[in-house]
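These notes are about the structure you will find just below.
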Amino acid sequence: MTFREIKQLRLAKHLSQEQLAEKSKVSVRTIQRLEAGEDASISTLNLVAGSLGVKVGDLFPTTDSDRQKVKIQSADEQLQYQLHQRHEE
């Protein structure tokens with residue numbers, strides 16, 4: 001799995017790795033690992049996707065794998081729930 005899309009999205013928003021990490025409430029090392037293609041938890045992906053203003057599915061390359069599609073859909077639903085909860089606070 002690769003998350004190169006994270007780097008592209010981050011650069012498009014003119015964010016450094018440090019800025020994205022702070023905005024996402026994760027470590028800089030986590031951002032570096034994601035951009036290097038290491039796997040991450042759905043929770044981490046939700047935080048990063050939310051900070052970039054995209055759906056979790058946008059962090060994944062296009063794939064035909066049903067398993068990945070289910071994981072992406074689940075992550076998107078969790079992100080929407082978390083954003084709704086934050087909005088209510």
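All of the numbers you see were taken from the coordinates with simple rules; none came from a lab. Just so we're clear, the structure is a prediction, and the values are computed from it rather than from any experiment. Neighbour counts run over all protein chains shown; Cβ positions are idealised from the backbone, glycine included.
Okay, here's what the table says:
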{"quantity": "Helical mean residue ellipticity (222 nm; -39500 (n - 2.57) per DSSP H run of 4+; nearest 500) of the chain", "calculated": "-20500 deg cm²/dmol"}
{"quantity": "Protection-proxy order for peptides 13-24, 38-49, each taking the mean of Cβ atoms within 10 Å per residue, highest first", "calculated": "38-49, 13-24"}
{"quantity": "Farthest toward positive dipole pole in the chain [+1 Lys/Arg, -1 Asp/Glu at C-beta], among Ile72, Val54, Phe3", "calculated": "Phe3"}
{"quantity": "Simple spin-label estimate for Leu83 and Glu22 in nanometres, 7 Å along Cα-Cβ", "calculated": "2.3 nm"}
{"quantity": "Net charge contributed by nearby residues that have their C-beta within less than 15 Å of Leu52 (K/R +1, D/E -1)", "calculated": "+1"}
{"quantity": "Size of charge dipole - the chain - debye, nearest 20, with Cβ of Lys, Arg +1 and Asp, Glu -1, no other charges", "calculated": "220 debye"}
{"quantity": "Karplus-derived HN-Hα couplings along segment 75-88 (A = 6.51, B = -1.76, C = 1.60, θ = phi - 60°), whole Hz, x at Gly and Pro", "calculated": "5, 4, 5, 5, 4, 4, 5, 5, 5, 5, 5, 4, 5, 6"}
{"quantity": "Calculated P(r) of segment 1-46 - Cα pairs past 13 Å, %", "calculated": "49 percent"}
{"quantity": "Rounded, prolate or oblate (a/c below 1.5 giving rounded, otherwise prolate when a/b exceeds b/c) for the chain by Cα gyration tensor", "calculated": "oblate"}
